[in-house]
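To start, the structure under review is shown below, and the notes come after it.
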Amino acid sequence: MMTSYVVFLRGINVGGRNLLKMVDVRQKLTFLGFDNVSSYKASGNILFETDMKPDDIVRKVKGELFELSGRDLEIYLRTSSQIREIIELDPFKGREADSSKLYITFIPHRQSEEVKLPLWARNNDVEIFLVRNGEVFSQTFLHRGRFGAPNKLIENEFEVPATTRNWNTIRGIHEKIIQDYS
């Protein structure tokens, strides 16, 4: 049975560094035999369908990305059902977003360290308020003209690699799943 997935790539096409063309990534994943391969924005969000097992997907995708980039890239795999669960959870309900930004950070599932919440960055510009299923939910605030950086805080606090997407990107991916993968 085919399952639809989203792969979130870490640290590509950010600030003009680690550039990867999404067309090249899509071609590589199509070559692997994945169906209906597409991308959402240029920040490393790839959607596809396959009947492959998750561990095999991760291994093969990492191999193809290494071939393409020459680097061992971290990837975070989620099913379309897991993305729908995040949307249905509505983790930011009741939070003011006018002067802040809302983020979801993906970390390895094996990360099970208990963190006392809420966890605030030293400058009070990032609040981590929920951790579940390899996802960290945070809100950032303006401090000295800049918003906080949840990815750096999370990588330091949890001692794992991570990749962060804003809430609007996750909602956009969910809409694309509904439109193209249902």
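A compact table of results
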read-out	value
Residue in segment 83-98 that is in contact with a strand residue (DSSP E or B) (Cβ under 8 Å, 6 or more places away or on another chain), part of a strand (DSSP E or B) and either within 23 Å of Ile178 (Cβ to Cβ) or modelled with pLDDT of 95 or more (or both) present	no
Any hit, segment 96-114, residues being within 18 Å of Glu135 (Cβ to Cβ), in contact (Cβ under 8 Å) with a residue 40 or more places away in the chain and assigned by TED's automatic domain parsing to the domain that holds Gly11	no
Restricting segment 27-41 to residues that are hydrophobic (A, V, I, L, M, F, W, C) and surrounded by 14 or more Cβ atoms within 10 Å (Cβ to Cβ), the residue that is farthest from the chain's Cα centre (by Cα)	Leu32
Residue in segment 167-181 that is under 28 Å from Asp35 (Cα atoms), of a type in the set (Ser, Thr, Tyr), in a loop (DSSP other than H, G, I, E, B) and outside the structural domain of Lys28 (by TED's automatic domain parsing) present	yes
Matching option when the condition is closer than 23 Å to Asp35 by Cβ and either touching a residue at least 40 places away in the same chain (Cβ under 8 Å) or among the β-branched types (Val, Ile, Thr) (or both), among Ile75, Ile86	Ile75
Which listed residue is under 16 Å from Tyr5 (Cα atoms) and over 19 Å from the mean Cα position of the chain (by Cα), from Asp24, Asp51, Asp98	Asp51
Qualifying residue in segment 65-81 (condition: surrounded by 14 or more Cβ atoms within 10 Å (Cβ to Cβ), within 14 Å of the chain's Cα centre (by Cα) and part of a helix (DSSP H, G or I))	yes
Ile46 vs. criteria within 16 Å of the chain's Cα centre (by Cα) and either assigned to a helix (DSSP H, G or I) or aromatic (Phe, Trp, Tyr) (or both)	no
Residue satisfying condition, being surrounded by fewer than 16 Cβ atoms within 10 Å (Cβ to Cβ) and farther than 14 Å from Thr105 by Cβ, within set Asn124, Asn133	Asn124
Complete set of residues in segment 127-165 that are in a strand (DSSP E or B) and either of a type in the set (Asp, Glu) or closer than 18 Å to Gln82 by Cβ (or both)	Glu127, Leu130, Val131, Arg132, Glu135, Val136, Phe137, Thr163, Thr164, Arg165
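Every residue, every condition in (1) out of contact with any Phe, Trp or Tyr (no Cβ under 9 Å at 6 or more places or on another chain); (2) of a type in the set (Ser, Thr, Tyr); (3) closer than 17 Å to Leu117 by Cα, yes or no:
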{"position": "Val136", "(1), (2), (3)": "no, no, yes"}
{"position": "Pro150", "(1), (2), (3)": "no, no, yes"}
{"position": "Glu155", "(1), (2), (3)": "yes, no, yes"}
{"position": "Thr164", "(1), (2), (3)": "no, yes, no"}
{"position": "Thr169", "(1), (2), (3)": "no, yes, no"}
{"position": "Gly172", "(1), (2), (3)": "no, no, no"}
{"position": "Lys176", "(1), (2), (3)": "no, no, no"}
{"position": "Asp180", "(1), (2), (3)": "yes, no, no"}
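The values are calculated or read from the model by the stated rules, or taken from the named source; none is laboratory data. Model, not experiment: these values are computed from the prediction. Reconstructed Cβ throughout: ideal geometry from the backbone, glycine too, with neighbour counts over all protein chains shown.
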